[in-house]
Amino acid sequence: GAVVSQHPSRVICKSGTSVKIECRSLDFQATTMFWYRQFPKQSLMLMATSNEGSKATYEQGVEKDKFLINHASLTLSTLTVTSAHPEDSSFYICSARRDMSYEQYFGPGTRLTVT
Amino acid sequence: GQQLNQSPQSMFIQEGEDVSMNCTSSSIFNTWLWYKQDPGEGPVLLIALYKAGELTSNGRLTAQFGITRKDSFLNISASIPSDVGIYFCAGQPSGSARQLTFGSGTQLTVLP
């Protein structure tokens, strides 16, 4: 199989606080993981590409100091939303790409609500 | 970023009917993937296509990699209520760093 877990599934935080979201590939190694954001009734928007052991590559318009990504092992990437604001409220989804493949397997997503 | 042209945007069909949706691009793609997303969940990979002209089935689902490498279609035969969801095509453009470009999605509703 190719299972990707994401934690937490839902989080509510107050404005100004930071939130960490974990993405794990459970049964395969993933040198590369991806973080997406999805607004209601829209497609997935790539935020950044996370590479194990190196700095993440951010898409244009995504603030790297606000969305901190760490990919410390071949099975774990984390996304930290720093100083969260209500406009950061969204559905965040990670995916992991099996090494030597183009296929991406997605986590179940994290619903972030900033009050 | 770049988006694929996916159509139709939404479909309402009767249970038992067949469904077809497609994606087109102005540039060549090396890989086409089809995903299904249920509400509040992450997308699930349905079919992966790697060669131009390739036709692949997964149960009642069939997808093809267009011969021009600029399009792909997904067919669902004999639809059932659990087919409801959003279907996304995704492609890996030639020359890209293995990132995927996603279509805008097709919302499928199956009526009993």
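The values are calculated or read from the model by the stated rules, or taken from the named source; none is laboratory data. All values derive from a computational prediction rather than experimental measurement. Neighbour counts run over all protein chains shown; Cβ positions are idealised from the backbone, glycine included. Side chains included, ligands, DNA and RNA excluded: accessible areas come from the protein's heavy atoms. Shrake-Rupley method; radii C 1.70, N 1.55, O 1.52, S 1.80 Å.
Within the stretch A:21-42, does at least one residue satisfy the condition of being more than 11 Å from every other protein chain (Cβ to nearest Cβ), touching a strand residue (DSSP E or B) at 6+ places or on another chain (Cβ under 8 Å), among the β-branched types (Val, Ile, Thr) and touching a residue at least 40 places away in the same chain (Cβ under 8 Å)? I'd like the intermediate steps shown before the answer.
Our first condition is that a residue be more than 11 Å from every other protein chain (Cβ to nearest Cβ); within the stretch A:21-42, this holds for A:21-22, A:24-30, A:33, A:35, A:37, A:39.
Restricting the remaining residues to those that are touching a strand residue (DSSP E or B) at 6+ places or on another chain (Cβ under 8 Å) gives A:21-22, A:24-26, A:28, A:30, A:33, A:35, A:37, A:39.
Filter again for among the β-branched types (Val, Ile, Thr), leaving A:21.
Next cut, touching a residue at least 40 places away in the same chain (Cβ under 8 Å) only: A:21.
Among the residues of the stretch A:21-42, at least one is more than 11 Å from every other protein chain (Cβ to nearest Cβ), touching a strand residue (DSSP E or B) at 6+ places or on another chain (Cβ under 8 Å), among the β-branched types (Val, Ile, Thr) and touching a residue at least 40 places away in the same chain (Cβ under 8 Å), which makes the answer yes.
Take the residues of the stretch B:64-103 that are of a type in the set (Ser, Thr, Tyr) and within 24 Å of A:Ala2 (Cβ to Cβ): which is farthest from the other protein chains (Cβ to nearest Cβ)?
Taking the candidates together, the pick is B:Ser82.
Quick check: is even one residue across the stretch A:12-30 at pLDDT below 95, farther than 24 Å from B:Gly85 by Cβ and open to solvent by less than 10 Å² (accessible area, probe 1.4 Å)?
Yes, because at least one residue in the stretch A:12-30 is at pLDDT below 95, farther than 24 Å from B:Gly85 by Cβ and open to solvent by less than 10 Å² (accessible area, probe 1.4 Å).
Has the stretch A:61-70 got any residue that is within 11 Å of chain B (Cβ to nearest Cβ) and either over 29 Å from B:Leu4 (Cα atoms) or open to solvent by 50 Å² or more (accessible area, probe 1.4 Å) (or both)?
yes
What number of residues within the stretch A:43-60 satisfy the criterion of being open to solvent by less than 20 Å² (accessible area, probe 1.4 Å) and away from chain B (no Cβ under 11 Å)?
1
Looking at this structure, is B:Leu61 more than 22 Å from A:Phe91 (Cα to Cα), under 12 Å from the mean Cα position of the chain (by Cα) and either touching a residue at least 60 places away in the same chain (Cβ under 8 Å) or within 13 Å of chain A (Cβ to nearest Cβ) (or both)?
Values: more than 22 Å from A:Phe91 (Cα to Cα): yes; under 12 Å from the mean Cα position of the chain (by Cα): yes; either touching a residue at least 60 places away in the same chain (Cβ under 8 Å) or within 13 Å of chain A (Cβ to nearest Cβ) (or both): no.
No: the conditions fail for B:Leu61.
Check whether at least one residue in the stretch B:62-74 is within 14 Å of A:Tyr102 (Cβ to Cβ) and surrounded by fewer than 18 Cβ atoms within 10 Å (Cβ to Cβ), and report yes or no.
Within the stretch B:62-74 (the criterion being within 14 Å of A:Tyr102 (Cβ to Cβ) and surrounded by fewer than 18 Cβ atoms within 10 Å (Cβ to Cβ)), the answer is no, since none of the residues qualifies.
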